[in-house]
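Worksheet: one structure, shown below.
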Amino acid sequence: EFFAAQCVSRKLGIKADGWRSLLEDDNGVWFQGADSQLYHLSRGGEVTWKGKAIREYLASYPVIVAAVARTQKQELAFAVTNTAGNTGGILRFRPEAKAWMFDDVGAVTALADYQGRLAYIQAGVVYLQDASPGTGTCPSYSLSSNMFQGFQALGYGQLNEAGLLGTFRGNCTVTLSRSANGTSFGETLGVWTLTTSEYAVGQRVTLLKA
């Protein structure tokens with residue numbers, strides 16, 4: 001039995017055909033908003049923008065075609081494509097780490113969790129995730145900070161150095177970019193190539209750009 005429908009928020013509605021993005025977790029329901037971004041509706045009726053870290057992916061792949069909750073892995077997965085439906089990938093979210101990952105597998109039409117492994121359909125063929133982690137190339141991973149405003153609104157200042165602190169896990173290339181609007185990151189500040197010839201696995205790495 002259902003209660004009578006009621007308005008939850010007038011600020012944002014679900015995207016046309018957005019039912020394919022609906023995904024329930026312990027705290028509420030995920031959905032793709034009318035602006036193509038990803039949101040979460042709590043059981044108390046609060047709408048939160050959860051897709052800030054993946055807004056660039058959703059700008060390139062604005063169509064969510066499938067979604068699945070992976071209970072054993074404690075992970076949520078969303079299959080996304082471009083408007084033509086001929087390219088895309090799988091966005092995966094780990095709630096406990098609040099971390100997003102993107103699997104560049106191409107356009108996917110369906111998702112499922114099968115015995116703890118992610119299964120998807122692509123061009124009519126069913127693919128199943130490997131039972132154990134592979135040793136292939138690590139997918140691209142990005143993160144962004146909040147807006148930095150270290151000076152008064154009408155004052156002047158100078159940012160002398162920017163960088164990041166992390167743990168070396170394997171050969172990779174790190175790119176540091178700056179954004180003036182929080183959406184596009186067109187200015188590259190620095191690029192570093194990290195290899196096992198310089199760093200040991202598990203070693204802390206500090207990268208700075210003056």
(1) modelled with pLDDT of 85 or more; (2) of a type outside the set (D, E, K, R); (3) touching a Ser or Thr at 6+ places or on another chain (Cβ under 7 Å): which one isn't true of residue 185, the others all being true? (1)
Any chance the range 145-167 includes a residue that's in contact with an Asp or Glu (Cβ under 9 Å, 6 or more places away or on another chain) and modelled with pLDDT under 95? no
If we take the range 8-54, then strands (runs of 3 or more DSSP E) inside it with 3 or more residues that are open to solvent by 40 Å² or more (accessible area, probe 1.4 Å) and touching a residue at least 12 places away in the same chain (Cβ under 8 Å) are none
Of the residues that make up the range 106-114, is at least one open to solvent by 10 Å² or more (accessible area, probe 1.4 Å), closer than 26 Å to residue 184 by Cα and either in contact with a strand residue (DSSP E or B) (Cβ under 7 Å, 6 or more places away or on another chain) or modelled with pLDDT under 90 (or both)? yes
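The values are calculated or read from the model by the stated rules, or taken from the named source; none is laboratory data. Just so it is clear, the model here is predicted, and its values are computed rather than measured. In this analysis, Cβ positions are derived from the backbone assuming ideal geometry, glycine residues included, and neighbour counts consider all displayed protein chains. Note: areas computed on protein heavy atoms with side chains; ligands, DNA, RNA excluded. Shrake-Rupley method; radii C 1.70, N 1.55, O 1.52, S 1.80 Å.
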